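Everything below concerns the one structure shown next.
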Amino acid sequence: RGKRAFIAGVADDNGYGWAIAKSLAAAGAEILVGTWVPALNIFESSLRRGKFDASRKLPDGSLMEITKVYPLDAVYDTLEDVPEDVKANKRYAGSSKWTVQEAAESVKQDFGTIDILVHSLANGPEVTKPLLETSRKGYLAAISASSYSYVSLLKHFIPIMNPGGASISLTYIASERIIPGYGGGMSSAKAALESDTRVLAFEAGRRHKIRVNTISAGPLGSRAAKAIGFIDKMIDYSFANAPLQKELSADEVGNTAAFLVCPLASAITGAVVYVDNGLNAMGVGI
Ligand code: NAD
């Protein structure tokens with residue numbers, strides 16, 4: 001039977017999550033996605049109305065099928081964690097079972113098991129502020145949405161992952177080098193995500209034979225990246241300074257993700273894999 005993937009963090013056809021879904025679908029996987037609750041309605045109605053049909057096209061000419069879209073808010077683990085004002089919020093009250101635990105339970109009820117778990121989400125409310133101006137609340141929110149969300153997803157989905165399965169997340173080089181403009185504790189959150197990748201690879205490998213890796217991706221003009229405000233500058237910088245002077249396409253990250261979660265990568269775990277036209281290897285821009 002084909003593999004089944006759950007991809008958390010798809011809400012339009014511009015980001016890395018969408019590209020990863022396509023590469024996995026092209027390789028024959030069944031696609032389930034987790035979509036942030038506030039973005040759910042617009043994503044589902046756009047899908048239904050055919051707005052994404054052009055970008056659903058796979059190399060063989062068929063259209064990617066998304067078997068099911070699950071509402072998800074990865075900053076809440078269980079229903080008990082959800083504050084009253086969020087419960088009462090119109091956008092959240094319109095759907096249910098969107099905490100991490102409930103989403104995993106729903107997938108289990110619907111499909112039993114999965115083989116592949118993808119974390120392609122991040123959020124830092126103070127991302128435009130330098131670290132020195134970041135509040136404790138903003139810093140912890142960045143870590144909660146961008147780092148712990150992965151620990152939580154893996155923790156809740158591992159019980160329904162088949163042995164031999166694999167998981168990946170997306171990180172950014174601001175975790176290890178200074179990238180002015182990537183603020184609000186987001187650089188810290190990515191450093192945590194990369195460190196956790198190693199520890200989770202150990203724990204998930206020993207206990208469940210599951211591999212855990214992260215892709216350090218180059219700049220892409222996604223919705224999330226545009227909110228940071230400096231993405232065009234980063235894309236231009238990469239084009240000018242990377243060993244490969246070409247635009248980075250989301251598909252290149254998608255294809256690497258498909259490799260990392262497939263048996264061809266059966267000995268790779270705990271790794272940070274750069275998909276950035278080689279920019280990470282440069283010492284100075286030139
Ligand atoms: P994107 O906007 O396509 O994806 C981010 C997704 O996270 C969105 O769908 C958003 O709805 C979702 N999200 C935010 N908070 C959430 C929450 N609490 N619960 C569930 N979902 C939530 O943008 P993207 O740039 O493709 O981001 C995907 C991943 O790639 C992120 O981890 C990002 O940090 C990483 N990344 C992006 C770049 C880049 O330049 N775009 C570079 C390196 C790494």
query = If you check every pair at least six apart or on different chains, which have Cβ atoms under 9 Å apart with a residue in segment 137-150 that is over 19 Å from THR99 (Cα atoms) first and a residue that is part of a helix (DSSP H, G or I) and open to solvent by 10 Å² or more (accessible area, probe 1.4 Å) second?
reply = TYR139/LEU131; TYR139/SER188
ask   = Which of the residues that make up segment 101-120 are more than 16 Å from the ligand (Cβ to nearest atom) and farther than 24 Å from ALA27 by Cα?
value = GLU105, GLN109
request  = Identify all residues within segment 241-260 that are open to solvent by less than 50 Å² (accessible area, probe 1.4 Å) and either in contact with a helix residue (DSSP H, G or I) (Cβ under 6 Å, 6 or more places away or on another chain) or assigned to a helix (DSSP H, G or I) (or both); write none if there are none.
outcome  = ASN241, ALA242, ALA250, VAL253, GLY254, THR256, ALA257, ALA258, LEU260
task = Return the residue satisfying two criteria in turn: it lies in segment 211-221 and is over 13 Å from TYR172 (Cα atoms) and open to solvent by 20 Å² or more (accessible area, probe 1.4 Å), and of such residues it is farthest from the ligand (Cβ to nearest atom).
result = ARG211
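Return yes or no: is VAL37 β-branched (Val, Ile, Thr) and under 16 Å from the mean Cα position of the chain (by Cα)?
Numbers: β-branched (Val, Ile, Thr): yes; under 16 Å from the mean Cα position of the chain (by Cα): yes.
Spelling it out, VAL37 is indeed β-branched (Val, Ile, Thr) and under 16 Å from the mean Cα position of the chain (by Cα).
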task = Tell me, please, whether a residue that is outside any helix (DSSP H, G or I) and at pLDDT 95 or above can be found in segment 192-201.
result = no
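Do you know which residues across segment 96-118 are without any contact (Cβ under 8 Å) to a residue 12 or more places away in the chain and more than 10 Å from HIS156 (Cβ to Cβ)? Let's see the steps before the verdict.
Within segment 96-118, the subset without any contact (Cβ under 8 Å) to a residue 12 or more places away in the chain is 105, 109.
Residue satisfying the conditions is GLN109 alone.
Would you point out the residue of segment 187-206, among those that are touching a residue at least 12 places away in the same chain (Cβ under 8 Å) and of a type in the set (Lys, Arg), that is farthest from the ligand (Cβ to nearest atom)? Before you say what the answer is, go through the steps one by one.
From segment 187-206, those touching a residue at least 12 places away in the same chain (Cβ under 8 Å) are 187-194, 196-198, 200-202, 204-205; that's our starting set.
So of that shortlist, the ones also of a type in the set (Lys, Arg) come out as 190, 198.
Values: LYS190: 7, ARG198: 17 Å.
The selected residue is ARG198.
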request  = Residue by residue through segment 261-273, note down the ones that are surrounded by fewer than 17 Cβ atoms within 10 Å (Cβ to Cβ) and not in a loop (DSSP other than H, G, I, E, B).
outcome  = PRO263, LEU264
task = Mind listing just one residue for me: the one in segment 195-210 that is among the charged types (D, E, K, R) and more than 18 Å from the chain's Cα centre (by Cα) and, of those, least open to solvent (accessible area, probe 1.4 Å)?
result = GLU203
query = So how many residues does segment 126-158 have that are in a helix (DSSP H, G or I), more than 10 Å from the ligand (Cβ to nearest atom) and open to solvent by 10 Å² or more (accessible area, probe 1.4 Å)?
reply = 13
query = How many residues are of a type outside the set (A, V, I, L, M) and either surrounded by fewer than 21 Cβ atoms within 10 Å (Cβ to Cβ) or not in a strand (DSSP E or B) (or both) if we restrict to segment 159-177?
reply = 8
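Could you list all residues from segment 91-108 that are within 14 Å of VAL37 (Cβ to Cβ) and small (Gly, Ala, Ser)? Steps first, answer last, please.
Of all residues in segment 91-108, those within 14 Å of VAL37 (Cβ to Cβ) come to 91-100, 102-103, 106.
Passing the criteria: ALA93, GLY94, SER95, SER96, ALA103, SER106.
Just to be sure, is ASN123 within 12 Å of the ligand (Cβ to nearest atom), open to solvent by 50 Å² or more (accessible area, probe 1.4 Å) and out of contact with any Lys or Arg (no Cβ under 6 Å at 6 or more places or on another chain)? Give the steps one after another, and end with the answer.
Numbers: within 12 Å of the ligand (Cβ to nearest atom): yes; open to solvent by 50 Å² or more (accessible area, probe 1.4 Å): yes; out of contact with any Lys or Arg (no Cβ under 6 Å at 6 or more places or on another chain): yes.
So ASN123 passes the test.
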ask   = So which helices (runs of 4 or more DSSP H) are wholly in segment 1-100 and hold at least 3 residues that are within 13 Å of the ligand (Cβ to nearest atom) and more than 16 Å from VAL118 (Cβ to Cβ)?
value = 37-48
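The values are calculated or read from the model by the stated rules, or taken from the named source; none is laboratory data. Note that the coordinates shown come from a computational prediction; the quantities given were computed from them, not determined experimentally. Note that we place each Cβ from the backbone using ideal geometry, even for glycine, and neighbour counts take in every protein chain shown. Protein only, heavy atoms only, side chains kept; ligands, DNA and RNA dropped before computing areas. Shrake-Rupley method; radii C 1.70, N 1.55, O 1.52, S 1.80 Å.
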